[in-house]
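Okay, structure first, notes after.
Each value in this text was obtained by applying a stated rule to the coordinates, not by laboratory testing. If you're wondering where the values come from, they're calculated on a predicted model, not measured in any experiment. Positions of Cβ are backbone-derived with ideal geometry, glycine not excepted, and every protein chain shown enters the neighbour counts.
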Amino acid sequence: MKRKHRASAAAADADSDGEEASQDAALPLDSFSGDACAALTARYGRSAAPQHRHLLASAAAIRSILLDDGLPLTPASYLPAAVTALCAAGPADPAAASALASLLVILLPHIPTSPSSLPPDAASESASALAAFLSSPDASKLPTGTVRSVVKSLGHLTLHLDAAANWDAVAASLEALLAASVDQRAKVRKCAQESVEKLFAYLEQCGCAKKASDSAIGMFEKHISLARSLVNLNSDISEVKETDAAQMLGAMVTLVPYLSKKARKKVFSDAYQLLSPCFTPLTRHVLRLLETLLDHLKAESIESEVKSLVSLVVAYLPYDEKKPDDTIVSALHLMKSCLDKIVGCSKLWVEALPTAFEAVSGYLVLGRNCSDDIAKVVHDCIDSHIDHSVFVTNGAQISERGVEGLSDETAIKSICLSINKRLQTCASPPDSILTILVVLFLKLGESSFVFMKDILLTLAQFAMKMDKESQLNNVEECIGAAVLAMGPDKIFSLFPIAFDEERLTCSNTWLLPILDKYTYGAPLQLFLDHIVPLVKSIQNARNRVKKGRKRKDLQCWIDQLWNLLPSFCRYPTDVHHSFGSLSKLLVEILKHDERRYKSAVEALQQLVDGTRKLSSNDQDVEIYMELSALFSSKPISFKCARLERSSKKEARKNLKVLALHSANLLCTFADYFLDSSQEKRDHLKAALRCLAQLSGSTNICEFFVSLVKRFELEDTQLEPESQVCKTDEVDRKDEDGIDATEELSNKRSLLLELISTFAEVADEDLLDKLFGFIKSCLLNSSMSCHSKALLALSIIVKEHNEYSLAHLDEIMLLLHGMKPVLDNSVLESQLLCYQHLLVHMIKVNEENTSKKAFLILNELIVALKSKKESRKLAYDVLLATSANLRSSKSDSSDSDLQRLFTMVMGYLSSKSPHIVSGAIAALSLLIYSDANFCMEVPNLIESVLVLLQHKAIEITKAALGFVKVLVTSLKPEKLLRLRADIMSGILQWSKVTKHHFKGKVVLILEILIRKCGFDAINLVTPDEYKDFVKSVEEVRFPILSLFSLCYLAEMSWLRNA
């Protein structure tokens, strides 16, 4: 029966589509002096559609009446006559009624509502007539499209009424619209609800919101008894009445924002009682209405009702195949909204959340489609209602006294028991439950050891027997959350890692990779007291074992245990007490175990960087981001309790402790560095840089001087003022002592590598000594150490701009004296120095540095025209310079970048084609990296385009390349402004086939036509080239020229550069 009724309704809706088509577009009445009949005739006069013929006939008849009565042909004049004719036609003449209803919908939008151009009496009579027509039994016999048009017209017309002066007319219209908002026909219902919503907003402005609310409550009460019967499963209720009740609840959802407080409370009190433990046809509608009401009610006014509602919602949640999954999710959302609403008034969650979780846990275990949605809601409930601070503050006390008698803790215990019970029934843990467990571990912190110990034991059983990597990763992530929350000490009490010397086995080694990834805020002493003795025990056993496979297993465990050292150095909690012992361990590793130097370096780096973060102002954000990245579920908010206890004051105190030991560690690490291979030195630099930050310039200065003496390099000048730059002495060698020279060069190279780690934190006195040493190496030593000297110099220049500019003349003389032709690394370091100097000089923008900036640019432009390796390096330097100026935090970053463009443009006036083409290549690279900015540089594009007239082939080739990059990079709207200049510049080369000029022009045209359109390009093309441009257009889609392929390859290389 229900299917037949819906099919009939669908057919009626389909038949009405044609009737509604004429209502879509507004009529251009202004073009016909407001005459609707003339406008309709102009639009539909040639149409043979029956509905259009009826519409035109009705309009013509009304027009004739208006002319006879001497009334103006305006929409306001058409309206009363159209309403009267509609009421007279009724269902007896459905075609006429449909045409008149369509005419009303067309006319009303052309009648202004504020102020209304309708006479009050005419508006009131017309509205009352339409309301009576709509409320009559005959209206149900009309087609859907006709009724919908009447509803829409009544909604428009009611907005013309003065609600304060004539409430009776408004009340009648509102009652008719409310009745239509629960109509069986979807289009009628939707239109009525939209009209009612607009009308309620209008009545609220008129001060009649209370009266409107009373009307809505009247409709609600009319249907509520029917809804109660449905909830009580009264089999005598017809299908139509069932639908009426559902539509009433849907209509109330749209009205909730406009109801008075009293009306909302009344609806809420009646609606929540409609919720049944079983699914009914009204369940979805009730849940949606209650959710909307909660958003608009204050907690204190409905606290008792909310408590009752939570009980009803929880009663609906238990698993039942007859309950649709979406209603379970909606009910859970509603429960969360209830708990959120009274979060400050009651601890209702303590009773509700454990029961609710027990009820929905079946859905999580069964892996239903709604599992993830349910897990998300439970996740949000835990995050909102479990107070992290309570468990952090009372962690120790909870462990001692148990959980009895504390409501919060009893609730958590109940949830955890429920989770563990469900997990034990699973072959593998569902991801939805694991997501909840991650949040719960992190929320409870160290207290999770009390509440979730059994869960962790269950997870460990899964981890030890799982084979699938994807499932194992999720379980390990969950156990990792436990490590982060509880701390490794608690984990070791549950899963001790112990070595059996007789059997040569190590227990719980599956846990080591998890500890490596998730250990944060652990005590260093735990590693020193537990892990280090364990490692030594396994090492001793390995030395005694001769079997290769067993030795390999033992070595694997040793490696995994040593890898925990950096993990325990991530924000440790006992730096003040344990760093002395740790520093001894680090020294011992460097001296006696060469394989572990990477662990020692990483541990020291983690320790220093982490302590600095804890002492900074934005520590919370940085650490949260670091911890959040560990979990694929990206928890909304969590904190590591042990890190919270580390105050900034304590972190600064720890930094002082680190600084006290830094000088000795610096000497040890430096000694190891000086005796190591290049590969090891690359890793050790990170540790030396950290120690240099802690030691201070004075200690570093003394240490550096002692190294110079130790290497017998006292003859190397350490003060820049004591030397004179003599670039003609760079290559001078002592032929009689070549071996001694090589040894001396190697010593200098080692010290230069150390300088690169010290330079960042150096003060002026230390910088003088470092720069003096670098200068001496560049002037008086062989070329073998020039690359490292220039690299060290580049770091000084980058980190110390004031010092660099103060010694600019000396630095420039040193750089210009280098001869990098034999060693590409020297050129790379030299250009790196140029890059940082150029950035500093452009930013300060002083006259005395401008000339030197041009000298640097000259070097770069010459390099752009050199061999391939040099060109690539010069490209990198230009791009890095541009990026540095663009990313500058200063307010003048745009002007700095523009200054770079302007300086490069200065070379366009050079007499040397080689230099000009190099400058164009530089500009091409710069606009490719930032095409939009090139439009802001005055005369940039014009200056290059004019060079297309130049006779030098080298310049023309570079200029065409510039245009290719320009048209590729710019957006169409900007290209449209430049197309005339571009076309006039490139077309002259379309007849020259040498040097691929014609092919380059064709490619540029293809890009222009694709971006701007053929018509826009053809418009600015001179007549003599129109045939050529047209030929390009004709072949550009089917054929991709060889030049296009070459250009795409060139762009790919340029992007990589």
Using per-residue counts of other Cβ atoms within 10 Å, averaged over each peptide, order 315-326, 758-769, 150-161, 1008-1019 from highest down.
150-161, 758-769, 1008-1019, 315-326
For the pair Arg595 and Ser311, the simple spin-label estimate (label points 7 Å beyond Cα toward Cβ) gives in nm 6.8
Please arrange Ser31, Ser745 by counting, for each residue, the other beta carbons lying within 10 Å of its beta carbon, fewest first.
Ser31, Ser745
Once the in-chain neighbours fewer than 8 apart are removed, the lysines whose Cα is under 16 Å from Lys152 read Lys187, Lys190, Lys198
Which angle between 0 and 90 degrees, to the nearest 10, do you get for helix 349-366 versus the longest principal axis of the chain when only C-alpha atoms count?
80
Do the alpha carbons of any pairs in Lys517/Lys656; Lys376/Lys443; Lys680/Lys788; Lys421/Lys465; Lys261/Lys376 sit beyond 23 Å of each other, and which pairs?
Lys517/Lys656; Lys261/Lys376
Dipole of the chain, Cα-centred, from +1 at each Lys and Arg C-beta and -1 at each Asp and Glu C-beta, to the nearest 20 debye?
1940
Cβ density ranking, 10 Å radius, fewest first, applied to Arg977, Arg596, Arg542 yields Arg977, Arg542, Arg596
Just rank Met219, Met841, fewest to most, by other beta-carbon atoms within 10 angstrom.
Met219, Met841
Starting from the Cα of Asn858, step 7 Å along the direction of its Cβ; do the same at Lys262; then give the gap between the two resulting points in nm.
9.1
Suppose R0 equals 22 Å. What FRET efficiency, 1/(1 + (r/R0)^6) with r the Cβ-Cβ distance, do Lys653 and Asp763 give to the nearest 0.05?
0.35
List, in the order given, every pair from Lys991/Lys1026; Lys598/Lys685; Lys453/Lys648; Lys951/Lys998; Lys584/Lys613 whose Cα-Cα distance in the structure shown is over 22 Å.
Lys453/Lys648; Lys584/Lys613
Once R0 is set to 25 Å, what does the formula 1/(1 + (r/R0)^6) return for the Cβ-Cβ distance between Ile953 and Ser984, expressed as a FRET efficiency to the nearest 0.05?
0.80
Spin-label proximity, Thr698 to the range 651-689 - amide N less than 16 Å from point 7 Å beyond Cα toward beta carbon
656, 659-664
Listed highest first by mean packing, meaning other Cβ atoms within 10 Å per residue, what order do 291-303, 265-277 come in?
265-277, 291-303
With -39,500 (n - 2.57) per DSSP H segment of 4 or more residues and division by the full residue count of the chain, the 222 nm estimate, nearest 500 deg cm²/dmol, is -23000 deg cm²/dmol
The chain - convex hull of alpha carbons, volume per residue in Å³:
281
For the chain, build the charge dipole from Cβ charges (+1 Lys, Arg; -1 Asp, Glu) around the Cα centre, then report which of Gly696, Leu511, Leu978 sits farthest towards its positive end.
Leu511
Dipole of the range 842-943, positive end: most advanced residue of Ser850, Ile915, Ile927 [Cβ charges, Cα centre]
Ile915
